[in-house]
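What follows is a set of notes on a single structure, which appears directly below.
None of the figures in this text is laboratory data; all of them are computed from the coordinates on show. Being a predicted model, the structure only gives us computed values, none of them experimental. Note that each Cβ is placed from the backbone with ideal geometry, even for glycine, and that neighbours are counted across all protein chains shown.
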Amino acid sequence: MNSYTAEDNSCTACELQVNLDLLRQTNFFAGIPIEKLKVIAYLCTREGFSPDDDIFRQDEDDGQALLVLSGQARLIRNQGDAVMEIRTYGEGDFLGGLCLLSPMPRLFTLRAATDLTALILSRDKFQGVLAQMPELTARIFKTLVDRLRIWDEQLLATCADAQSACRVGGISLI
């Protein structure tokens, strides 16, 4: 084995460990045993985007979830001729987890605001893991249900603070 190969294997192992550590910090993967999460971490790829690159586009189904490793992205909604900027995402934000579970056209466009690096997981690879380890499905759905409830609670708290009628809540009633 030459030193290049040994160095390359070492870098791959380091990247796998970093990917694993990052995925462990996301809500979507909470509760997944480390040995099983290693498989998912191995299947992730890193991708870079330049400012103004579309990471995904409204109305398209790219079948990918991503974890922002560095940089910032703007969430945009096109409505007719109007373009609304919804919010900005940055390091540590995990986006698109639901599309790993089912085909789902995007409701928004996510556009890089700066140079951005993301950890990408495709639906096809993730579905392959679930097919091999079906016990993970219940854990992931529990995490999603918990997140929806928390989201509704936060929305209700926001409405109470603003002393306004809250007419957009109820997502946890799905």
Q.
Please state the shape class of the range 39-113: rounded when a/c is under 1.5, otherwise prolate if a/b exceeds b/c and oblate if not, all from the C-alpha gyration tensor.
A. oblate
Q) Which of the peptides 133-143, 62-72 is most tightly packed, and how do the rest follow, judged by the mean count of other Cβ atoms within 10 Å per residue? A) 62-72, 133-143
Q) Given 0.36 nm per residue, what is the gain on full extension from Q132 to L43 after removing their alpha carbon distance, in nm? A) 30.7 nm
